[in-house]
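Okay, so here's the structure we're looking at.
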Amino acid sequence: MASLPDKLDLALVKRLREVVGGRPTTESELRTLADQAGGWARATEAQLRAAERRLAKLNADPTSELGDMATEIRRAETLSGELGEARTLLAGLEERTRELRTAWLKHHAESASPLEPRS
């Protein structure tokens, strides 16, 4: 069961990369992806802060094992990289959302003639 969230994260990352890369999407999916990606970033950031606190605690204890410190350092580095990716994908998703909304507004503005009477 522990691998299920990893699989969900991989599916989320894959879809985010696709949408940011220009694949078709809907307004609804954009909102869902933004919510999911935001949750992923917040959860990862919380995990990173916890790893940093554990590392600080280990560092403050002169009897701490070097192996324990190395484990926390690796965990913090991995989470830091994941958080960076989450933030990059979120920024890309926000840009893609603006592009799509602008294109939609432009299309509707061009297709409605201001001189035609509305029925």
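Coordinate-derived values only; no laboratory data. Bear in mind the structure is a predicted one, so any value in this text is a computation, not a measurement. Don't worry about glycine lacking a Cβ; one is built from the backbone with ideal geometry, like all the others, and counts go over all protein chains shown.
A few comments on the model shown:
- Under 5 Å, built H, 5+ apart or other chain: amide partners of S64: none
- Mean separation of Cα contacts under 8 Å (6+ apart) over length of the chain, as relative contact order %: 34
- Integer Hz, Karplus 6.51/-1.76/1.60 couplings in order for the range 43-52, x for Gly and Pro: 5, 5, 5, 5, 5, 5, 4, 5, 5, 5
- For the range 17-86, GluC sites (Glu not before Pro) meeting the loop criterion (DSSP other than H, G, I, E, B) and having at most 14 other Cβ atoms within 10 Å: E65.
- Label corresponding to Cα extents along the principal axes in Å when calculated from the structure given, among (i) 60, 41, 24; (ii) 57, 47, 29; (iii) 82, 29, 21: (iii)
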